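One structure is given below, encoded as structure tokens.
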Amino acid sequence: MNTMTVKITNALYRYFKGLYELNQNIIILCGIDTLDKDCQFEDYLENVIHLVPKLIPYKYDKKGKIYKLENRDGLLEFENEIPFLKTDYKNILEDHMMFLTNIKAIRNKLEHKIHGVTYMELSGGNVWLFEIIYNINKDNIKITASDLIAFVKDLNILFSKIQMQIKNFSYDENKNDCPYYRRLTKFFFQDFNKIYDCDFIATFGKVMLPF
């Protein structure tokens, strides 16, 4: 039984837009020559750092000393209507705990003291090897291409499942021709994963950079 509602579909647009931008930024990062000092590599990565926590609601549990899902926050407001949502989010959080912990550490510092975040090293040359090492309060935090891609691929799979719910809902409600629903399902986010698995991902990233 499809429990999708108009309220939920109306709320999804910003999340879909955010995930689309997240994928765009990661693909561009894969195409950047890290030796090019004018490439604005750090700007694209900061966009990613700000987008990730908007798409998966998690916070630090001081008592348990671990990150957990923030109940009823973000899309989890609709966990009863989208039964697989909380389980899939939980699996993503557990599978990418170190990456998401690092993202929150950098994001929190950027929000409260931008100059408190500096990067010590940027290296690359191969999409699977580029990495950036940030320094925060004398701690080095590493973000790598492989971590970014592994995380967003799982997120793309989750959001594709949500898109299928929307597609079925629009069919059941005779709204197949509604421009809004067509926009939400004109492609499935899982299609981005084909690009990440492609040998030409660096080329895709290069052509998406501003001329």
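The values are calculated or read from the model by the stated rules, or taken from the named source; none is laboratory data. Since this is a predicted model, take the numbers as computed values, not measurements. Glycine gets a Cβ as well: all are built from the backbone with ideal geometry, and neighbour counts include every protein chain shown. With ligands, DNA and RNA removed, areas are computed over all heavy atoms of the protein, side chains included. Shrake-Rupley method; radii C 1.70, N 1.55, O 1.52, S 1.80 Å.
So the values come out like this:
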read-out	value
Lone qualifier among 34, 87 - being more than 16 Å from the chain's Cα centre (by Cα), of a type in the set (Ser, Thr, Tyr) and either at pLDDT below 90 or part of a loop (DSSP other than H, G, I, E, B) (or both)	34
Out of 2, 80, 71, sole residue that is among the polar types (S, T, N, Q) and at pLDDT 90 or above	80
Output for region 87-109, where each listed residue is open to solvent by 70 Å² or more (accessible area, probe 1.4 Å) and either in contact with a strand residue (DSSP E or B) (Cβ under 6 Å, 6 or more places away or on another chain) or not polar (S, T, N, Q) (or both)	90, 94, 95, 98
Pair list, Cβ under 8 Å, 6 or more apart: region 173-199 residue open to solvent by less than 60 Å² (accessible area, probe 1.4 Å), other residue charged (D, E, K, R)	181/167; 181/175; 185/167; 192/153; 193/153; 196/153
Residue among 13, 60 that alone is under 19 Å from the mean Cα position of the chain (by Cα), surrounded by fewer than 20 Cβ atoms within 10 Å (Cβ to Cβ) and in a strand (DSSP E or B)	60
Among residues of region 131-152, those that are touching a Gly at 6+ places or on another chain (Cβ under 7 Å) and either farther than 23 Å from residue 54 by Cβ or small (Gly, Ala, Ser) (or both), counted	0
Qualifying residue in region 150-157 (condition: of a type in the set (Phe, Trp, Tyr), at pLDDT 95 or above, in contact with a helix residue (DSSP H, G or I) (Cβ under 6 Å, 6 or more places away or on another chain) and open to solvent by less than 100 Å² (accessible area, probe 1.4 Å))	yes
Residue match in region 65-84 (condition: open to solvent by 30 Å² or more (accessible area, probe 1.4 Å), assigned to a helix (DSSP H, G or I) and not aliphatic (A, V, I, L, M))	yes
Of all residues in region 110-142 being of a type in the set (D, E, K, R) and more than 19 Å from the chain's Cα centre (by Cα), the one that is modelled with the highest pLDDT	139
